[in-house]
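**Q** Sharing a structure below in structure tokens format, with a few things to ask.
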Amino acid sequence: MNSGKTIFAQLIQHLPRYEFNQCVLRYHGNHKVRSFSCMDQFLCMAFAQLTYRESLRDIVTCLNSHRSKLYHMGFRGKIAKSTLADANELRGDCQEAIKPSRQSPHDSTNFGGQPF
């Protein structure tokens, strides 16, 4: 029996929670939210990226198959397909604002349009 943290929880512990919470406050990400917070949504999307999930149903099915471990992985809200779909739809603008503004090194618009 495993007595330590899951690998996902070990990865997520390196997330700068203070900066994440500041972004949520700045863009009112949890405004009028009852149970499925921005952190829960972020954890779902991070899990989907790390495990190559392709659909909401796939994400929710995989997470709910580990229902006893969700709290230890950092999830606090109940995960349902409709809840995740609503969160992705309502918080789209907030997620766009939080995305890093780093450009691809192969992008021709870098360095004033000059190729490097």
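Just so it is clear, none of the values below were taken in a lab; they were calculated from the coordinates. Keep in mind that what you see is a predicted model, and the values were worked out from it rather than measured. Using ideal geometry, Cβ is built from the backbone for each residue, glycine included, and neighbour counts are taken over all protein chains shown.
**Q** Can you name every residue in segment 27-55 that is assigned to a helix (DSSP H, G or I) and out of contact with any Cys (no Cβ under 9 Å at 6 or more places or on another chain)?
**A** Correct list: 39, 40, 41, 42, 43, 44, 45, 46, 49, 50.
**Q** Right, next: Out of the residues in segment 1-11 that are without any contact (Cβ under 8 Å) to a residue 60 or more places away in the chain and part of a helix (DSSP H, G or I), which is surrounded by the most Cβ atoms within 10 Å (Cβ to Cβ)?
**A** Residue satisfying both the conditions and the ranking: 11.
**Q** State all residues of segment 56-90 that are part of a loop (DSSP other than H, G, I, E, B) and among the β-branched types (Val, Ile, Thr); if no residue qualifies, say none.
**A** Result: 79, single match.
**Q** Okay, next question. With respect to residue 46, determine if the residue is more than 15 Å from residue 90 (Cβ to Cβ) and in contact (Cβ under 8 Å) with a residue 40 or more places away in the chain.
**A** For residue 46, the condition - more than 15 Å from residue 90 (Cβ to Cβ) and in contact (Cβ under 8 Å) with a residue 40 or more places away in the chain - is not met.
**Q** Of the conditions (1) without any contact (Cβ under 8 Å) to a residue 40 or more places away in the chain; (2) closer than 15 Å to residue 89 by Cα; (3) under 16 Å from the mean Cα position of the chain (by Cα), residue 14 satisfies every one except a single condition; which number is it?
**A** (2)
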